[in-house]
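The values are calculated or read from the model by the stated rules, or taken from the named source; none is laboratory data. Owing to the predicted nature of the structure, the values given are computational and were not obtained by experimental measurement. Because the Cβ atoms are built from the backbone with ideal geometry, glycine has one as well, and the counts that use them run over all protein chains shown. Just so you know, the surface numbers come from the protein's heavy atoms only, side chains and all, with ligands and any DNA or RNA stripped out. Shrake-Rupley method; radii C 1.70, N 1.55, O 1.52, S 1.80 Å.
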Amino acid sequence: MDILMSNWSNVGQSLPENYIFPPDKRPGKHVFPVLKDVPVIDLGHDRAEVIQQILSASQDFGFFEVINHDVPISLMEDTMNVFKELFGMEAEYKASFYSTEISKKCRLYSSTMNYDNEEVHYWRDNLTHHCYPLQDQIELWPQKPTRYRKVVGAYSIEARKFLLRILDHIREGLGLKPGYFNGELSKIQLLSVNHHIPCPNPSLTLGMPEHSDPNLITVLQQCSVPGLQFFRNGQWMNVESITDRLIVVPGLQLKVISNGRFSSPIHRVITNSEEYRTTIGTFLIPSNEIVIEPSKDCAGDDHDPVYRGFTYKEFFSAFTESNCDARIALEFFKNKTK
Ligand SMILES: O=C(O)CCC(=O)C(=O)O
Ligand SMILES: [Fe+2]
């Protein structure tokens, strides 16, 4: 069978054995409660108020949704449609992008980058490519659908602008100097599109593992089909899928820089038996050599730095050595408590 599940012509009635997780990792047959209290930030409000709201949402809740974000809704819709079309294209075309090589700057793969070695696969295909600087990356992107580069190019510019705007609010809220997150700390921009085909038995498998995002910050665009869950108050809870909102998830590097004030929430994706699900993630990531460390303004005199400084390159090799579990990787850089 083709590795890319979007190429499967017939999924069958039962879940293939190599997608069945052991009982302690399965979602089971539960009906999960819906998160009703996700903070919704209106970027059209007064800046000082927005800064306070973003800070308390990140510190107390872990993540937030944004309205009036200035990313044109029509562009969000067009981009989503382009990706849905791409995943529906012929198998040979998609296979030409297939790779689990981390160094490949535009790749299509299934489950995780560790497909060849993992015991159980996740129920997803993923397209990942670099986006910045656009002129250096766009030549590597798909050329079909024919509007791909035009639409996704425009989207990636807007997504970057949006995340830098959010980061600037966070910067001011944390008392960091202007431009703190610009440049090397947010240099790499990755687009990550998840695609899940209907699944014969959602109770036995997962669309994405439980994780915290390893990067600096993430923005997620959902389609109308739910599946994203956050772990809150000891249980998994569903996020309502609202297609014109953007979900902002602070990554583990923000946890480090904020000296633990931000938590980088734990989330995962479950599958469903009825509908295709496609989501668009944009990640900002530090360049390889820049040192990431608790900022002096966050780890003041009375707060010892929780982490030692490290480069993203060091973090990333700890990440791959920890079976791509970013939270375990971060433990390597924790200072010992006195
Ligand atoms: O598909 C989603 O809603 C979540 C994706 C996600 O968590 C990620 O790409 O890190
Ligand atoms: Fe994530």
(message) Under the rule a/c < 1.5 gives rounded, and otherwise a/b versus b/c splits prolate from oblate, where does the range 7-102 land using the Cα gyration tensor?
(response) oblate
(request) Using a 10 Å cut-off on Cβ atoms, rank the peptides 71-82, 91-102, 52-63 from the highest mean neighbour count down. (result) 52-63, 71-82, 91-102
(request) Report the relative contact order of the range 13-69, percent, no decimals, based on alpha-carbon pairs under 8 angstrom and at least 6 residues apart. (result) 36 percent
(request) Using Cα centres only, tell me the gap between the range 316-338 and the range 216-280 in whole Å. (result) 21 Å
(message) Which one, Pro200, Gln143, Ser156, projects farthest toward the positive side of the charge dipole computed for the range 75-212 from Cβ point charges (K/R +1, D/E -1)?
(response) Ser156
(message) Nothing charged except the Cβ atoms of Lys and Arg (+1) and of Asp and Glu (-1): what's the magnitude of the dipole of the chain about its Cα centre? Round to the nearest 20 debye.
(response) 200 debye
(request) Under a cut-off of 16 Å between alpha-carbon atoms, report the aspartates and glutamates in cross-link reach of Lys334, not counting same-chain residues fewer than 8 places apart. (result) Glu293, Asp304, Glu314, Asp325
(request) Return a whole-number percent for the relative contact order of the range 1-127, with Cα pairs under 8 Å and 6 or more residues apart as the contact set. (result) 29 percent
(message) Please give me, ordered by residue number, the trypsin sites (Lys or Arg not before Pro) of the range 1-44 that lie in loop per DSSP and have at most 10 other Cβ atoms within 10 Å.
(response) Lys29, Lys36
(request) Return the whole-Å distance between the Cα centroid of the range 91-126 and the Cα centroid of the range 1-44. (result) 17 Å
(request) Using Cα pairs closer than 8 Å and at least 6 residues apart in sequence, work out the relative contact order for the chain, in percent. (result) 21 percent
(message) Accessible area per residue for the chain in Å², computed with a 1.4 Å probe and the full protein assembly in place, what is it?
(response) 46 Å²
(message) Using the Kirkwood formula on the Cα atoms of the range 1-41, what hydrodynamic radius do you get, in angstrom to one decimal?
(response) 14.1 Å
(message) Working only with C-alpha atoms, what are the Rg and Dmax values of the range 82-181, expressed in angstrom?
(response) 16.9, 51
(request) Mind grabbing the base-10 log of I(q)/I(0) for the chain at q = 0.08, 0.09, 0.10, 0.14 Å⁻¹? Debye formula, identical points on the C-alpha positions, no solvent, two decimal places. (result) -0.37, -0.47, -0.58, -1.20
(request) Of the listed pairs Lys150/Lys313; Lys296/Lys336; Lys104/Lys313; Lys94/Lys144; Lys105/Lys187, which have alpha-carbon separations greater than 20 Å here? (result) Lys150/Lys313
(message) As a test of the formula, what do you get for the chain when each DSSP H run with n ≥ 4 contributes -39,500 (n - 2.57) and the sum is divided by the residue count, at 222 nm and rounded to the nearest 500 deg cm²/dmol?
(response) -7500 deg cm²/dmol
(request) Report the antiparallel proportion of the DSSP beta bridges in the range 4-144 as a percent, rounded to a multiple of 5. (result) 55 percent
